Structures are given as structure tokens and as C-alpha cells.
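Step one of this worksheet: look at the structure below.
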Amino acid sequence: MNIFGFSPNDLLSYFLTLFRISVILFLLPFFGGRTIPNPVKGALLLVLSLALWPHLSFPGTMMPVGWNIALMFFGELMLGLILGMMIQFLFGAVQLGGQIIGFQMGFAMVNVIDPITGVSNAVTAHFLYMCTMLTFLVLNGHLLLLKTVALSFEYIPPGGLLLTPGLANHLFEFSNIMFVLAIKIAAPVMAALFLVDLALALISRAAPQMHVLVLGFPIKITVGFFFLGFLFTLMSTYVGDFLRELDPIYRAVMKLGSPNIF
């Protein structure tokens, strides 16, 4: 007699949905942040699993047996790492651009511990990272991540991700955006500070008695913060363009890693 009204296949199907959401979602930014308490993450996981299971699920017969469960979990982990790495290119580019700006402004020695990533960054890098995260949420980037998790049910079976050469080449090509975007973010401040350095060099030649090194620090900091304020509009444009490109790229990655195309 079945007291709860669930068949074994339904229960296994729910576990597969739980595995997919727990492994992938919490390897993505914002949802997997260290600042979110673990009980909150667990509650969110159960609510999302129960809400999505009637609509997004795998048949219970796809649940492996024995040691194959560990292989399935490893495949889910690889899928989560790949999807998370692609969105981390955006935040990595912002932090790299912030590091360049901090070095140019003379803030290379002023570092803080990022509570989200646990990495020591320049103050400017952490500031731009937090602004980018807020822009990411305002532009519904977190909803795009949830859509990506739902999309994975369509293309990738449990633990069925294939690490093909085409998938690796696609990831390497997409990683170029991190360095290009970092230079785009830091370019206005770098150009302004270069002109300041050039002006200070001319002043030092015209008036050698002036202490250009002492005079240069406050000037470079003031000019750097002034042009840093112009980056917010540019960063919102860059983040919006990145999110528009990310959805078709996620689809391409899942198609390349899907066993259904072979």
C-alpha cells in the first residue's frame, strides 16, 4: 500500500531534479555567494526543486545504480563549473579592469578581502565588482541564470555532459572577452591618467625644483575618481550586451556538450 501516493520512479525523478538544481545553481554567481547563509541556500533549493519538478524533470528510470551515481554527480559538477565559468568571465573582466585602474591611480597597495569570492582585490576592483553585480541583478541576470538551469534539462541528461573538442574550443574563444572587456572598462581612466603623467613629465622638465612625485599622487587620484564616475553608464551597456550574447552562447555550449547530437 502506497501511503504517500508516490511511486519509486517519481521519487527518483525528484532526486534527479534536486541534483541538477543543487549542483548547477549554486556554482553560479549570486545564488552561490558566500554571503548567503547555508540554511537560506538549502531552503531556496527545496523550494525551487518542488516548484520546478512538475515541469522540469527527468524520468526516474534515468537514475544510475551503485557507483554510477558518483559518475553522474561528477558530470553534473562539470556542467555547473562550465556554466558558472562563462558568467564569471564578466566579473573577472570587471575585477581585472579595476585592478588596472587601481594600479594606475596608485591604489595597488590598498587591498580589501572580497567577502563574496574571498580574494584580495584592489579597492577599485571591489567597488566595480559590487556595481556590476547590482547592474547584473537590475538587468535580470539572475533570471537568465534560472533560465539556463531550465534549459539544461532540455539538452543535457543527468551526468551526460560530453567534453568534446568543439566545446573546449568554444570556451577558449569566449574567454577572450574577459581581457577585451577589461581593457574597455579601464581605457577611459588609463587614457586620462596617461595625460596626467605626460603633463607631470613636462612640468618636471620645465620646473625641476617642483616635487612632481608628491604633487602627482593627489592629482592622479582626483582625476581617476572623476573619470571613474563616467564608467557606470559604460558598464551598464557592457553588462547588457554581455547578457544578450550569453543566452545564445549557453545554448551553443549545451548543444556541443549534449550526447543527443551524436
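Since every read-out is calculated from the coordinates, none of them should be taken as a lab result. Please read these numbers as outputs of a predicted model, since none were measured by experiment. A quick note on method: Cβ atoms are made from the backbone with ideal geometry, for glycine too, and the neighbour counts reach across all protein chains shown.
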If I model a spin label at LEU139 and THR61 as a point 7 Å from the Cα along the Cα→Cβ vector, what separation in nanometres do I get? 4.4
Euclidean distance of C-alpha centroids, segment 46-81 and segment 142-162, integer Å: 11
Please determine, in degrees from 0 to 90 and to the nearest 10, the orientation of helix 231-257 with respect to the longest principal axis defined by the Cα atoms of the chain, where the helix direction is its Cα long axis. 30
To the nearest 10 degrees, how steeply does helix 141-155 sit against the main Cα axis of the chain, on a 0 to 90 scale? 40
Any chance you could list P(r) for segment 203-262, counting all Cα-Cα pairs in 5 angstrom bins from zero, rounded to whole %? 4, 14, 10, 10, 9, 8, 8, 8, 7, 6, 6, 5, 3, 2, 1
Cα lying deepest toward the dipole's positive end in segment 88-244, options MET190, VAL223, GLY106, charges on Cβ: VAL223
In whole Å, what is the distance between the alpha-carbon centres of segment 16-37 and segment 205-262? 27
On a 0 to 90 degree scale, rounded to 10, what angle separates helix 38-52 from the longest Cα axis of the chain? 50
Mind checking the alpha-carbon convex hull of segment 12-101 and giving the volume per residue in Å³? 110
Let me know the charge dipole size of the chain about its Cα centre in debye, to the nearest 20, where only the beta-carbon of Lys, Arg (+1) and Asp, Glu (-1) is charged. 280
Please list, or write none, the aspartates and glutamates whose alpha carbon is within less than 14 Å of the alpha carbon of LYS220, excluding same-chain residues fewer than 8 places away. ASP197
With a cut-off of 18 Å, note down the residues of segment 74-95 whose backbone N falls inside the zone around a label point 7 Å from the Cα of LEU163 toward its beta carbon. 74-86
What three numbers, in Å, describe the spread of the alpha carbons of segment 81-261 along their principal axes, ordered from the longest? 74, 30, 27
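Pairs of alpha-carbon atoms within less than 8 angstrom and 6+ residues apart define the contacts here; what relative contact order does the chain have, in percent?
On the way: 275 pairs, mean separation 61.8, N = 262.
In percent, rounded to a whole number, it is 24.
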Fewest to most Cβ atoms within 10 Å: PHE136, PHE153 sort as PHE153, PHE136
Two pseudo-spin positions, 7 Å from Cα along C-beta at LEU234 and at ALA191, lie apart in nanometres by 0.7
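I need ILE101, ILE87, ILE219 ordered by Cβ neighbour count within 10 Å, fewest first.
Values: ILE101 29, ILE87 22, ILE219 15.
Listed from fewest to most nearby Cβ atoms, that is ILE219, ILE87, ILE101.
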